[in-house]
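Down below is the structure, laid out as structure tokens.
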Amino acid sequence: MRQPVRFNVLGPLEGWSGRSRLHLGGAVQERVLATLLLEPDRLVPVSRLVEAVWSETPPTTASHQVRKAVAHLRRRVPDGNGLILTDGPGYRVSVEGTQLDLLEFTAGTAAAGRAVAEGRPADAVAALRRALALWRGPVLSGMDGPVIEAAATTLNERHLAAAEQLVELRLGLGEAAELVADLRRLVCEHPLRETLRGHLMLALYRSGRQAEALEEYGKVRALLAEELGIDPGRPLPRLYEGILREAPELAAPE
């Protein structure tokens, strides 16, 4: 029995059939497939695929080359005719949840949201851990162009939001010292992200490192002024003041 094909877009584009990695072809084929996978089970017009491959300077044969790329992918990928479907003015990729890491990530964050709403934070943490473990780097790293870059920016923001939610949940469950290293890494990657900096300040404070927590505020305040010419939003100064006076509401939950 042939194993279903699996695709990964949460990092460099990959296709797998069982344990065998698929060779998808050249740059045109890869960009066409990547664009379809970024919108699973949705119609993607040929015009959008052309834009994804060539940006603003497509050749006169662009539409024909896209159709040739689809035909090539259908031959190269197991059950390619059932995977890439012709749909009106374009194509649609038909995949199950376990065939695409993006769908698994979406399902995981949705499960976490339900668990939070139902008062099950530990289950939400587990779901987010599984979802975040799917990421292998920036979405479709190595590919450029406005279509792919716009989709990648949106998905990378979803990744960061999920990471922030995981940290917040873990803080709510009483973790602090074990979070500091992860938060320092995230702050290093996103130094202007005030939410992350606030989580780091709180984790440090709850770990008995008040001076370091206050120092982080000074760092982000100086960085925001230098890079953007702005002050931190109200939540960070409020947290700073709370740490200074050792506000009881900032204590770790029992």
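The values are calculated or read from the model by the stated rules, or taken from the named source; none is laboratory data. The structure presented is a predicted model; accordingly, all values stated were derived computationally and were not measured. Backbone-built Cβ (ideal geometry, glycine too); neighbour counts: all protein chains shown. Areas reflect the complete protein model, heavy atoms only, side chains present, ligands, DNA and RNA absent. Shrake-Rupley method; radii C 1.70, N 1.55, O 1.52, S 1.80 Å.
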Practice problem: Please find, within the stretch 14-23, the residue that is nearest to the chain's Cα centre (by Cα) out of those that are within 24 Å of Asn156 (Cα to Cα) and surrounded by fewer than 20 Cβ atoms within 10 Å (Cβ to Cβ). | Solution: Glu14
Quiz item: In the list Thr86, Thr61, which residue meets the criterion of being farther than 26 Å from Ala131 by Cβ, open to solvent by 70 Å² or more (accessible area, probe 1.4 Å) and not small (Gly, Ala, Ser)?
Solution: Thr86
Quiz item: With respect to Thr109, is the statement that it is surrounded by 14 or more Cβ atoms within 10 Å (Cβ to Cβ), touching a Lys or Arg at 6+ places or on another chain (Cβ under 8 Å), under 21 Å from Val139 (Cβ atoms) and polar (S, T, N, Q) true?
Solution: yes
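Quick check: is even one residue across the stretch 46-58 under 16 Å from Ile148 (Cα atoms), touching a Leu at 6+ places or on another chain (Cβ under 6 Å), crowded, with 19+ Cβ neighbours inside 10 Å and free of Cβ contacts under 8 Å to residues at least 60 places away in the same chain?
If we filter the stretch 46-58 for residues that are under 16 Å from Ile148 (Cα atoms), which is where we start, we get 46-58.
Then drop every residue that is not touching a Leu at 6+ places or on another chain (Cβ under 6 Å), which leaves none.
Taking every residue of the stretch 46-58 in turn, none turns out to be under 16 Å from Ile148 (Cα atoms), touching a Leu at 6+ places or on another chain (Cβ under 6 Å), crowded, with 19+ Cβ neighbours inside 10 Å and free of Cβ contacts under 8 Å to residues at least 60 places away in the same chain.
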Quiz item: Which one of Thr35, Thr98 is modelled with pLDDT under 95 and in a helix (DSSP H, G or I)?
Solution: Thr98
Exercise. Would you confirm whether any residue within the stretch 64-77 is open to solvent by 10 Å² or more (accessible area, probe 1.4 Å), over 13 Å from Leu24 (Cβ atoms) and not in a helix (DSSP H, G or I)?
Key: no
Quiz item: Name the pairs whose Cβ atoms lie under 7 Å apart, with the first residue in the stretch 223-252 and under 23 Å from Ser207 (Cβ atoms) and in a loop (DSSP other than H, G, I, E, B), the second open to solvent by 40 Å² or more (accessible area, probe 1.4 Å) and of a type in the set (Lys, Arg), and 6 or more positions between them or separate chains?
Solution: Pro232/Arg221; Ala252/Arg206
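I'm checking my understanding of the structure. Among residues of the stretch 113-153 that are at pLDDT 95 or above and outside any helix (DSSP H, G or I), which one is nearest to Gln99 (Cα to Cα)?
Leu134
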